[in-house]
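Q: After the structure tokens below, expect a handful of questions from me.
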Amino acid sequence: TPPNRHGFVNLGLCNFYSMDAIRKGKRSKKMRLAIAEVNDQMPFLYGDNWMHVSEFDAFVETSQPIPEFGRTTPGEKEKQIGEHVLALIEDGDTIQMGIGSIPEAVVAGMDGKRDLGVITEMFPIGLPELVRKGIVTNERKPLHKGVTVATFCMGNKEMYEYAQENVGCELHPASYTNSPMIIAQHPNMVAMNMALMVDLSGHVASEGIGHRMVSGVGGQLDFMIGSYFSKGGKGITMLYSSRALKDGTLVSSIVPEMPAGTPVSVPRSYAQYVVTEYGIVNLRYKSRRERAEALISIAHPDLRGELRNSLKNNFYMSR
């Protein structure tokens with residue numbers, strides 16, 4: 001934002017790594033020049049989201065509307081996955097979720113939940129509605145009571161207008177919001193994130209398949225670790241049981257092993273709940289064989305036989 005009368009600019013809708021990059025870069029002398037784009041249409045948000053003009057070397061002024069991102073409409077598969085996920089969320093839990101059709105289905109089904117808290121990377125979609133209905137109150141959180149905490153905000157005009165100058169919304173650097181040590185201090189922390197693929201041992205791939213990248217890991221691993229060490233915490237991985245190739249061939253998203261080059265976003269040691277449209281399994285405390293059998297039970301029915309054959313061959317089992 002433009003500087004206020006005290007000489008402070010607000011980072012607006014995205015704190016993420018900007019503040020840390022500038023301050024640590026200057027201290028280490030690895031950043032020689034810090035240039036800020038100042039947009040008079042950028043909303044300001046509370047939190048650790050302010051920097052002084054003296055921390056920058058130059059401003060480039062502009063005036064342009066903030067890009068908006070429309071919401072998606074969940075289909076039947078997304079609704080089925082959403083229903084399974086909702087069964088794992090209890091009143092008073094603190095939640096984190098990403099963006100997409102499945103999180104939309106989760107948000108749409110939250111009526112009846114009460115006193116949820118939020119610490120997350122991105123403000124949840126539908127946050128204004130969740131607050132209006134009393135679903136999100138942040139009253140049971142041990143940190144930032146009454147406040148939704150994130151590191152960036154991405155959404156439509158309603159979301160931006162809700163977050164602007166709202167003391168109930170704060171942005172902080174990702175080094176704080178995504179710190180597993182901070183996340184773990186929230187009892188009953190529920191982390192919900194999408195995946196592209198899960199192998200039979202529980203490794204989770206969310207960034208790409210083989211050497212083809214789809215996205216970065218974001219805060220998925222951070223929140224899975226944080227929820228792992230949270231008292232009563234739950235780490236939830238959501239994925240479609242299968243996907244169709246261009247020729248119409250159906251392939252499983254639950255696989256015997258990852259294709260060569262596939263980055264593992266969440267190692268099996270931190271995987272817990274895995275949810276597809278066919279159900280929920282909890283991998284924690286299970287042996288490798290038990291994990292494989294559980295995951296096959298929520299794979300696409302037409303592809304379970306193939307997975308069982310792989311299990312028999314690769315795990316040296318007789319059944």
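The values are calculated or read from the model by the stated rules, or taken from the named source; none is laboratory data. Quick caveat: nothing in here was measured; it's all calculated off a predicted structure. Heads up, the Cβs are rebuilt from the backbone with ideal geometry, glycines too, and the neighbour counts pull from every protein chain shown. The accessibility values were calculated without ligands, DNA or RNA, using every heavy atom of the protein model including side chains. Shrake-Rupley method; radii C 1.70, N 1.55, O 1.52, S 1.80 Å.
Q: Is one or more of the residues making up segment 34-41 in contact with a helix residue (DSSP H, G or I) (Cβ under 6 Å, 6 or more places away or on another chain) and either of a type in the set (K, R) or without any contact (Cβ under 8 Å) to a residue 60 or more places away in the chain (or both)?
A: yes
Q: Taking segment 71-106, which residues are closer than 24 Å to C14 by Cα and open to solvent by 70 Å² or more (accessible area, probe 1.4 Å)?
A: R71, I99, listed by residue number.
Q: Quick one: in segment 43-70, of everything that is closer than 21 Å to Y162 by Cβ and hydrophobic (A, V, I, L, M, F, W, C), which residue is least open to solvent (accessible area, probe 1.4 Å)?
A: L45
Q: Right, another one. Looking at G109 and the list (1) in contact with a Leu (Cβ under 7 Å, 6 or more places away or on another chain); (2) open to solvent by less than 10 Å² (accessible area, probe 1.4 Å), which single condition is not satisfied?
A: Condition not satisfied by G109: (2).
Q: While we're here: Please determine whether any residue of segment 198-207 is in contact (Cβ under 8 Å) with a residue 24 or more places away in the chain, of a type outside the set (S, T, N, Q), closer than 24 Å to D20 by Cβ and buried (at least 21 other Cβ atoms within 10 Å of the Cβ).
A: Among the residues of segment 198-207, not one is in contact (Cβ under 8 Å) with a residue 24 or more places away in the chain, of a type outside the set (S, T, N, Q), closer than 24 Å to D20 by Cβ and buried (at least 21 other Cβ atoms within 10 Å of the Cβ), which makes the answer no.
Q: Let me ask another. Looking only at residues in segment 216-255 that are in contact with a Lys or Arg (Cβ under 9 Å, 6 or more places away or on another chain) and assigned to a loop (DSSP other than H, G, I, E, B), which one is surrounded by the most Cβ atoms within 10 Å (Cβ to Cβ)?
A: Looking at the filtered set, the residue picked out is S241.
Q: Of the conditions (1) touching a helix residue (DSSP H, G or I) at 6+ places or on another chain (Cβ under 8 Å); (2) part of a helix (DSSP H, G or I), I280 fails just one. Which one is it?
A: Among (1) touching a helix residue (DSSP H, G or I) at 6+ places or on another chain (Cβ under 8 Å); (2) part of a helix (DSSP H, G or I), the lone unmet condition for I280 is (2).
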